[in-house]
Structure formats: C-alpha cells, structure tokens
Amino acid sequence: PRRLGLCNPFARDARARTAHVRGSLRWEAGQRQERGAMSSDVLTHLDEDGRARMVDVGSKPATARVAVARAVVRMSPATAAAVAAGDAPKGDVVSTARLAAIQAAKRTDEWIPLAHTLPLDSVDVEVDVDPDAGTVILTTTARVTARTGVEMEAMVAAAAGALCVYDMVKGIER
C-alpha cells in the first residue's frame, strides 16, 4: 500500500525526495525587501558564550516583508479525490487546513523559541489538490511590516496546514 506522508518535492534527486517522505518541508522564496550586509560566519542567535538568545532587532527600521512557504502532502489518488470533492470522513479538509495554517502562523513565537512575536499584516493560504498525482500542496504567504523577517511564520503555517491534512486523511489511507 502507498504510504501517506509529507515530502520534499524540491530535492535534487529522487533518492533524496524519497528518503525524507515523512517529514520534509521546505520554504521557498524569501523576504522581498532589501537586506543589510551580514557576515555569514556570525551566528546571531548565540551570545558571546555560545548560549541561545533572541536577536535584538530594536535598532533596525521596520520594513515590509513577505515570505512564501510550500508543503506537499502525498497520498493515494483516491484519497486526494475525496479531499477535492469534500468527501473526507472528518469533513472539509481544505478549509480546515487553511484555518490551521493561519492560526499556526499567528502563534509562531509559541512554536519557535527564539522567534519574535510579529503583528502579521496577512497570511494567505492556497491549497491545490491534484487527485491524479495524489497530492495536496499548501502554499502560504505571510506579510508583515516589522524589524525582522516573516519566513518562520510562513513555514510554520505550511507545516501546520500539512499536518492538518495528514491528520484528516490518515484514516482513509489505512
């Protein structure tokens, strides 16, 4: 039987794509704003003693920031068809996943210990179901005007939406 799982469709080769079938998510694109120069050898989330710390962004100007993330949930074509038709036993998978993604984005600082609390301007969630391919693709876009990026919010939203899809259809796959 085909296994239900999260996968990384962006892996460079088939072996890498299948090696991480149960938990790989990847965000694409990034913040669409000017970035300041930053040395690649500086770990900003560590203090001088190597302890984890939240980065001080107080002196940075607030700028408009956008991040996009994508998660893919693979399943059998029959399960994907049920999702597309809204016939899953647990209800409307697409709407529930969309709400889960938005809610998770708003609570990213509770998921990621060193993330700043951000006043999100918006979170958009696109859900594309392809019954033939047996996939549900969630694309999340987070926007904020702030002193720090919004990529974690986009990634958390995509992950939570994908986990919601997985939870709502796992019974069909058995």
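The values are calculated or read from the model by the stated rules, or taken from the named source; none is laboratory data. These numbers were taken from a predicted model, which means no experiment stands behind them. Cβ placement follows ideal geometry from the backbone for every residue including glycine, while neighbour counts extend to all protein chains displayed. Side chains included, ligands, DNA and RNA excluded: accessible areas come from the protein's heavy atoms. Shrake-Rupley method; radii C 1.70, N 1.55, O 1.52, S 1.80 Å.
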Checklist outcome for this item: The distance between the Cα centres of the range 86-122 and the range 142-174, in whole Å, is 6
Checklist outcome for this item: Label model pair residue 174, residue 117: point-to-point distance (7 angstrom along the Cα→beta-carbon line) in nm is 4.0
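Once you have the Kirkwood Rh of the range 47-124 from its Cα pairs, apply Stokes-Einstein at 20 °C and 1.002 mPa s and quote D in µm²/s.
The Stokes-Einstein estimate is 133 µm²/s.
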Checklist entry - So who's got an amide H within less than 5 Å of the one on residue 150, skipping anything under 5 residues away but keeping other chains? H placed 1.01 Å off N, in plane. => result none
Item to check | List 116, 45, ordered by accessible area with a 1.4 Å probe, largest first | outcome: 45, 116
Item to check | At R0 = 25 Å, FRET efficiency that the Cβ-Cβ distance of residue 87 and residue 126 yields, to 0.05 | outcome: 0.75
Next on the checklist: Let me cross-check residue 44: its accessible surface, 1.4 Å probe, with only protein heavy atoms counted, in Å² to the nearest 10?
Outcome noted: 40
Checklist entry - About its Cα centre, what dipole magnitude does the range 107-174 give when the only charges are +1 on Lys and Arg Cβ and -1 on Asp and Glu Cβ, stated in debye to the nearest 20? => result 240
Next on the checklist: At 1.4 Å probe size, what's the solvent-accessible area of residue 95? Round to the nearest 10 Å².
Outcome noted: 50
Next on the checklist: Can I get the semi-axes of the range 85-174's equivalent ellipsoid? Compute them from the C-alpha gyration tensor as square roots of 5 times the eigenvalues, in angstrom, largest first.
Outcome noted: 27, 12, 10
